[in-house]
Amino acid sequence: MQRLSEVDRYRALGLLQAGLPISEVSVRMNVNRTTIFRLRQRLHETDTVSDRPRSGRPRCTTHRQDRILVRNHTNYRFLSASASSRQTRGRNNQLLSANTVKRR
């Protein structure tokens with residue numbers, strides 16, 4: 001399920017401040033009531049609606065680069081992962097390993 005963008009979060013909070021109930025806001029935003037409730041609760045606790053930091057290592061490729069890798073290997077079936085890794089640069093212009101290409 002997609003996350004609400006920051007613009008949509010502020011829009012939902014604006015609807016709440018206008019006096020609409022949580023259930024009405026959730027219908028208008030096409031999300032679950034719990035999402036709006038937790039959004040309001042997070043605003044009261046932390047004074048922000050931005051995403052919380054998550055654990056884990058950051059990805060070395062973007063979702064767009066992942067789709068391009070998949071499309072290239074679907075169209076060119078005999079393209080090796082090592083050849084593809086030499087052609088593709090990840091975030092911050094870093095080289096990708098062949099194992100990373102295989103996983104994508």
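Cα gyration tensor of the range 63-103, axes a ≥ b ≥ c as square roots of the eigenvalues: rounded (a/c below 1.5), prolate (a/b > b/c) or oblate?
oblate
Pick the calculated Cα Rg over 2.2 N^0.38 Å for this structure from (i) 1.19; (ii) 1.25; (iii) 1.59?
Recomputing Cα Rg over 2.2 N^0.38 Å here picks out (iii).
Which ³J(HN,Hα) values, rounded to whole Hz and listed in residue order, are derived for the range 47-53 from phi using the Karplus coefficients 6.51, -1.76 and 1.60 in 6.51 cos²θ - 1.76 cosθ + 1.60 with θ = phi - 60°, glycine and proline given as x?
Each residue's phi maps through the Karplus curve to give 6, 8, 10, 6, 5, 7, x Hz.
Determine, for Ser85, Ser5, the number of other Cβ atoms within 10 Å of each Cβ, and report the residues in order from fewest to most. Please list the in-between numbers first.
Details: Ser85 19, Ser5 9.
Placing the least packed residue first, the sequence is Ser5, Ser85.
Count the net charge of all other residues whose Cβ sits under 13 Å from the Cβ of Arg91, scoring Lys and Arg as +1 and Asp and Glu as -1. Kindly include the intermediate steps, with their values, before the conclusion.
Working: positive: Arg57, Arg59, Arg64, Arg89; negative: Asp66.
Charge balance near Arg91 sits at +3.
Could you work out how much longer the chain between Val70 and Val7 gets when fully extended? Use 0.36 nm per residue separation minus the Cα distance between them, nm to one decimal.
Details: separation 63, 0.36 × 63 = 22.68 nm, distance 3.11 nm.
Going from the current span to full extension adds 19.6 nm.
Does the range 21-66 come out rounded, prolate or oblate, given a ≥ b ≥ c as the square roots of the eigenvalues of its C-alpha gyration tensor, rounded meaning a/c under 1.5 and, failing that, prolate meaning a/b above b/c?
Values: a/c = 3.92, a/b = 1.72, b/c = 2.28.
Oblate.
³J(HN,Hα) across the range 74-90 via Karplus (A = 6.51, B = -1.76, C = 1.60, θ = phi - 60°), whole Hz, x for Gly/Pro?
So the J values, rounded to whole Hz, are 6, 6, 10, 5, 9, 6, 7, 5, 5, 5, 5, 5, 6, 8, 9, 9, x.
Computed FRET efficiency, Cβ-Cβ of Arg86 and Ser55, R0 41 Å: what is it to the nearest 0.05?
Working: r = 31 Å, r/R0 = 0.76.
After rounding, the FRET efficiency stands at 0.85.
Every number here is computed from the coordinates shown, using simple stated rules; none is lab data. Quantities reported herein were computed from a predicted structural model and do not represent experimental measurements. When we count neighbours, we look across all protein chains shown, and the Cβ atoms used for this are built from the backbone with ideal geometry, even at glycine.
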